[in-house]
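Structure first, then comments.
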Amino acid sequence: MIAEAGHYALVLALALALIQSTVPIAGARWGDVALMNVARSTALAQLLFAAISFTALVSLHVTSDFSVVNVYENSHSLKPLIYKITGVWGNHEGSMLLWVSILALFGGLVAAFGNNLPLSLRAHVLAVQAWIASAFYLFILITSNPFLRIANPPIEGRDLNPVLQDIGLAVHPPMLYLGYVGFSISFSFAVAALLEGRIDAAWARWVRPWTLVAWIFLTLGIAMGSYWAYYELGWGGWWFWDPVENASLMPWLAGTALLHSAVVMEKRNALKVWTILLSILTFSLSLLGTFLVRSGVLTSVHAFATDPTRGVFILLILCIFIGGSLSLYAWRASALKQGGLFAPISREGALVLNNLFLTTACATVFIGTLYPLALEVLTGDKISVGAPFFNLTFAPLFVPLMVAVPFGPLLAWKRGDLLGAAQRLTAAGVMALIAIALLWAWTYGGSTLAPLAIGLAVFVIAGAFTDLAERTGLFRVPLGTALRRARGLPRATWGSAFAHAGVGIALIGIVCETTWNSEHISTMRPGDVAKVAGYELKLDDMVQRKGPNFREMIARFTVDLDGQKLSVMTPSKRNFTTRESSTTEAALLTRGASQLYISLGDATADGAIAVRIYHKPLVLLIWWGPVLMAFGGMLSLSDRRLRVGAPKPARALRGLQAAE
Amino acid sequence: MTRKQRRLTMIGGSLAVLAVAAALVLNAMRDSIVFFSTPSMVAEKHISAGKRFRLGGLVQPGSLQRGDNLAVSFSVADGSATLPVSYKGILPDLFREGQGVVAEGALDASGTFRADTVLAKHDETYMPKDVADALKKQGHWKDDYGKKPSASAAPQPTQGAMR
Amino acid sequence: MTLWFVFALMTVAAIFAVLWPLSRRARPQSGGSEAAVYKDQLAEIDRDVAADLIAPSEADAARVEISRRLLAAVDDQRDPTVQSNVRLRRLAAVSALIGLPVVAVAFYLSLGSPQLGDFPLAGRARVADATQSLGSLVAQVEAHLEQNPTDGRGWNVLAPVLARLGRFDEAVRAYRNSITYNGDSAERRSDLGEALAGAAGGVVTSEAKAEFERAIALSADDPKANYFLGLAAEQDGRNADAASIWRGLLAKAPADAPWRPLVQAALVRVGGPAVPALPDSAMAAAKDMNDTDRGAMIRGMVDRLATRLKQNGNDVEGWLRLVRAYMVMGDRDKAASAVTDARQAVANNAERLRQLNEGLKNLGLDG
């Protein structure tokens, strides 16, 4: 009954989405308040049914009901409970159900907390949201239904793949989805604005929190995915420019651009048409990411061609939504009124520059990701566009962007004073120069680029704090006054300073890891000592151990620094006999922001073992940076200005009750 | 500045950035794109020594030899040709004789493929896609390699008839 | 019954969600407006000036700009004509009352399986016992081996069962484990090779071939390995090699070996001197005939098979044999028409149709 109830709830959600996608538009067209309000109650009800459906699937996985094909194929009664739950979205059908559930969640949130929106705008936004939802409900029900049954259920499920039983892999897809799907809201707002034919500064303020939420989750999701690859794959690599990663990076770049252009729109009523386009592009790239990952195009163009139902369906959704919204844009955008004026050198100008570089960088990633696919379809030639391509195109575009970052917040709106901003950044510039000089002296004869890049990063971080210091008048006014001003500073200002500093911190991590990473690969016997970056690692012994369903060889290393014993590291290699697969469990030793990283290779016949040891200086900064960015985003989200006309609790509560 | 001049500045700046980006992309495309080959394609095309490419195929069973200090050599075959490969380093977890592999590197003067990377990112059911496609093209694979046989698949005519 | 009750409840809730706002009295302008945002922006500027965050001149400029927007927003009020459109509302209500359940039920009945209850594992462990299917036994053995992977005997039992069930990938793994824990033998190697070939859809891949070669190295006379090596040669297009391998196999085989007919049939396929599916006596007779007579005899047998199948078309194996025979005789047109006939004959039985397509695929005719 659980399975069937979940299935029926999904069907009902589709039916509700169909009503939600039509009735409110008619209401807005003929000015009927009640019809427009249908959007809200149906969005909440749709959330309820999507949640029932998803909960049903989770409980089917937990109870190992193998009469459900999805559970039979992707679960096993011996899996630990946590992986039974995370296994729900470890497969295609379940992950698509999670996708629509998150879509319904965002729709429900707009319905519940969108009291500050004009009625017709809210009706339009929710209707557009329901178009997307209907398309994906249909996709799930027709091509990837997770609730199909087997009449004679088998006694055991088929999947117990050890590689997938990892907590990092389990948590980051939902994060990424929250990001991807979150951008559907700004898309819906953009399409709604085009449908209504009116857009102004207030629009930007209404969209901003939703864009921020999506951006925060996407930032964290990407960072987590990268850290997972770093510790789990045993290579110590943290970014591979793999198409799946690029699929998440592209919406992030476009979304970051969107956040910045929305600021211009909110403050100056300018860049309106561009902001709308960015909203559409960001979500289109999210859809493209879903298509790339879900259609099988990446695994093999042949796999796509032999079982095309799913791929073609998603491609169809992609074409309808991207093509449709862009045509609507081409048709209606010229009708939108022009906004405020500004000089090229001004805060607006700086943000335009930011947008220009971010979107161009996004375009290069787009080309690098899709060019091989296009070439293979057209000519049959197979090429791989790897890290060198992206390093050669992406990095040169990011350098000028980083140089410009500290200037932006210091320029005034409308007409800025570049010289004045430069003067105020003198301290930051001097700090950067000192950093470069020190590093140059210290790593004399080494890389020339690395100190420059770190100098740039220091400049960005110091620039972010210069901005704060300038606004609070730190060092100019008495400390007490400065503190008082700091308290009065809008949280969004704090947020952007932290986010910008986060970019600099991540850059330091990236440069240090790639330049001064020391690597030691050799075969070692018990008693052997390896010296890496001043650390002495002695292989004490190797022990065999038996786990629940694997055998494990653990190597124990004693780590010494300057003759002092620091710690013991135990990397291991697990053999899952029944599945004839092995996994490498790397051992990490964190020292400040740096890490020692050991992973094991194959054992040789004479008792030696291949060992890979890395010392990765300041590697953790690569992930602390994005975390700081996300923190900045959250500060900005908590800004009181974003809660203009926020719903009074009593009214929101009534809205919720309505749906039940 | 008039509105028009401002707009021209803006458009000019955008075009400049786009032009730079296009130049970067084209430049990178020329230098950093690697083609994919199988051993028989290598034999046909006479790829010159030192040119980087990706080699894909099956690891010839019995060809894996481990030397001193993590040096490994093995042969990659695609049914009609084989190519010796040498590599120094730790092979990925899923590297096995008889399984698909993709290696990146270049040929040396003696015709041995010197790999600097052996790709690891495929699991037990997932064949590196380039390898699967290439083998399929040559008719060594009838069914999609990655497809799991369903539990109820009928036994093949060649099966179960012996003993 | 409970299930339908739950469905009804859910449907009512969904309909209610649509009807509820329709039934409410319209409160004009219950949403927010641009004006609220601009008023707030003005207040914010005042705050910033008070906190000394922006200069008074900047503040004035910003105030002017925002006021202008505020005026425009008040002028251009949204939803100027709030009205209630009774006809539209009625239409919406009808679509909720009728359209929603119809869409939901139509979709659900075509996709769902309301007759099936839940089968959580915990509830099933008790009932399963005497009536256990092969599948559940396999699952139990697998679970046992998951815990005790070194139990060689278990792998020995499991592997052939998996192969027979068509779960070749798992069978391959099981045979490998069996070799690891029971030791190497020609028999196990050739079984492994057979499973590998099965996993590749009947194609003897180079990987499978390697296993058969190892089996031969262990015991040169292993019949299965020899048979499959012949098959590999045939699949590579080396028919002469295949024939010589199989002929050698037959020469050494005991007269009553159960697999003789299979090898003989294979020999015929590559142009050897035997005939498929012929009883020994007929074979002996055929040996003495000249080519024309032998051709006539084969055709006679094939025709008899065709007639039988026309009367009773349920025999999938028969159809496959017929198609194969036409192909061996080089009569592609007849083979094609036999395929069409076969499809028609079994069209109303999904399981047989699948078997047929599967078999045809193995003959190299795409299903």
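The values are calculated or read from the model by the stated rules, or taken from the named source; none is laboratory data. Here the structure is a predicted model, which means the values were calculated and not measured. Reconstructed Cβ throughout: ideal geometry from the backbone, glycine too, with neighbour counts over all protein chains shown.
Going through (1) in a helix (DSSP H, G or I); (2) over 14 Å from the mean Cα position of the chain (by Cα) one by one, A:PHE240 falls short only on (1).
Yes or no, residue by residue, for (1) within 34 Å of the chain's Cα centre (by Cα); (2) closer than 22 Å to B:ALA71 by Cβ; (3) assigned by TED's automatic domain parsing to the domain that holds A:TRP228; (4) modelled with pLDDT of 90 or more:
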| site | (1), (2), (3), (4) |
| --- | --- |
| A:THR523 | no, yes, no, no |
| A:GLY534 | no, no, no, no |
| A:LEU539 | no, yes, no, yes |
| A:GLY547 | no, no, no, no |
| A:SER581 | yes, no, no, no |
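When we screen A:LEU433, A:LEU483 for residues that are away from every other protein chain (no Cβ under 14 Å) and either within 30 Å of C:GLU58 (Cα to Cα) or among the aliphatic types (A, V, I, L, M) (or both), the only hit is A:LEU433.
Kindly evaluate A:ALA192 against the criterion of being in the same structural domain as A:ALA223 (by TED's automatic domain parsing), surrounded by 23 or more Cβ atoms within 10 Å (Cβ to Cβ) and either modelled with pLDDT of 90 or more or part of a helix (DSSP H, G or I) (or both). Criteria met by A:ALA192. Checked against the criterion of being more than 30 Å from C:TYR175 (Cβ to Cβ), assigned to a loop (DSSP other than H, G, I, E, B) and modelled with pLDDT under 90, segment A:597-619 has at least one qualifying residue. Among the residues of segment A:316-360, just one is in contact with a Ser or Thr (Cβ under 7 Å, 6 or more places away or on another chain) and at pLDDT below 90, namely A:PRO344.
When A:ALA492 is tested against (1) among the small types (Gly, Ala, Ser); (2) buried (at least 19 other Cβ atoms within 10 Å of the Cβ); (3) more than 30 Å from A:MET634 (Cα to Cα), just one condition goes unmet, and that condition is (3). The criterion of at least 1 residues that are at pLDDT below 80, surrounded by fewer than 17 Cβ atoms within 10 Å (Cβ to Cβ) and out of contact with any Lys or Arg (no Cβ under 6 Å at 6 or more places or on another chain) is met by the following helices (runs of 4 or more DSSP H) wholly inside segment C:18-120: C:56-75. Among the residues making up segment B:63-86, those that are surrounded by 20 or more Cβ atoms within 10 Å (Cβ to Cβ) and either within 12 Å of chain A (Cβ to nearest Cβ) or assigned to a helix (DSSP H, G or I) (or both) are B:LEU70, B:VAL72.
Quick check on segment C:138-174: of everything there that is within 11 Å of chain A (Cβ to nearest Cβ) and closer than 20 Å to B:GLY98 by Cβ, which residue is nearest to the chain's Cα centre (by Cα)? Taking the candidates together, the pick is C:ARG167. Here A:ARG654 does not fit the description of being more than 28 Å from the chain's Cα centre (by Cα) and modelled with pLDDT of 85 or more.
Pairs linking a residue in segment A:8-36 that is hydroxyl-bearing (Ser, Thr, Tyr) to a residue that is part of a helix (DSSP H, G or I), with Cβ atoms under 6 Å and 6 or more positions apart or on different chains, are A:TYR8/C:PHE7; A:TYR8/C:TYR108; A:SER21/A:ALA127; A:SER21/A:ALA130; A:SER21/A:TRP131; A:SER21/A:SER134.
Looking only at residues that are touching a Lys or Arg at 6+ places or on another chain (Cβ under 9 Å) and assigned to a loop (DSSP other than H, G, I, E, B) in segment A:550-570, which one is nearest to the other protein chains (Cβ to nearest Cβ)? Checking each candidate, the answer is A:PHE550. A single entry from A:LEU326, A:LEU358 fulfils the requirement of being touching a residue at least 60 places away in the same chain (Cβ under 8 Å) and closer than 30 Å to A:LEU292 by Cβ: A:LEU358. Tell me, yes or no, whether segment A:466-479 has at least one residue that is in contact with a His (Cβ under 9 Å, 6 or more places away or on another chain), more than 14 Å from chain C (Cβ to nearest Cβ) and touching a residue at least 24 places away in the same chain (Cβ under 8 Å). Checking segment A:466-479: not a single residue is in contact with a His (Cβ under 9 Å, 6 or more places away or on another chain), more than 14 Å from chain C (Cβ to nearest Cβ) and touching a residue at least 24 places away in the same chain (Cβ under 8 Å).
Being of a type in the set (A, V, I, L, M) and at pLDDT below 75 is the filter here, so list the residues in segment A:156-189 that pass it. A:LEU160, A:VAL163, A:LEU164, A:LEU169, listed by residue number. Set side by side, the residues B:ALA21, B:ALA43 differ, and just one is at the interface with chain A (Cβ under 9 Å from one of its Cβ atoms), among the small types (Gly, Ala, Ser) and either assigned to a helix (DSSP H, G or I) or touching a Pro at 6+ places or on another chain (Cβ under 8 Å) (or both), which is B:ALA21. Test A:VAL68 against the stated conditions and say whether it is surrounded by fewer than 23 Cβ atoms within 10 Å (Cβ to Cβ), more than 28 Å from A:PHE189 (Cβ to Cβ) and more than 7 Å from chain C (Cβ to nearest Cβ). So A:VAL68 fails the test.
Consider segment A:488-533 and keep the residues that are among the polar types (S, T, N, Q) and touching a strand residue (DSSP E or B) at 6+ places or on another chain (Cβ under 7 Å). The one that is farthest from A:LEU452 (Cα to Cα) is A:THR523.
One line per residue, one yes/no per condition, for (1) in a helix (DSSP H, G or I); (2) of a type in the set (S, T, N, Q); (3) farther than 22 Å from B:LEU15 by Cα:
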site: A:GLY311; (1), (2), (3): yes, no, yes
site: A:SER327; (1), (2), (3): yes, yes, yes
site: A:ARG332; (1), (2), (3): yes, no, yes
site: A:ILE345; (1), (2), (3): no, no, no
site: A:CYS362; (1), (2), (3): yes, no, no
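Only one of the numbered conditions (1) buried (at least 19 other Cβ atoms within 10 Å of the Cβ); (2) at pLDDT 80 or above is violated by C:ARG247, and that is (1).
Within this structure, A:GLU376 passes the test of being within 12 Å of chain B (Cβ to nearest Cβ), closer than 30 Å to B:ALA103 by Cα, assigned to a helix (DSSP H, G or I) and among the acidic types (Asp, Glu).
Checking A:ALA412 against (1) in a loop (DSSP other than H, G, I, E, B); (2) within 14 Å of chain B (Cβ to nearest Cβ), only one condition comes out false. Which one? So A:ALA412 meets the others, but not (2).
Taking residues in segment A:194-214 that are touching a residue at least 40 places away in the same chain (Cβ under 8 Å) and farther than 19 Å from C:LEU70 by Cβ, and partners anywhere that are of a type in the set (Lys, Arg) and surrounded by fewer than 23 Cβ atoms within 10 Å (Cβ to Cβ), the pairs with Cβ atoms closer than 7 Å and at least 6 places apart or on different chains are A:LEU194/A:ARG332; A:GLY197/A:ARG332.
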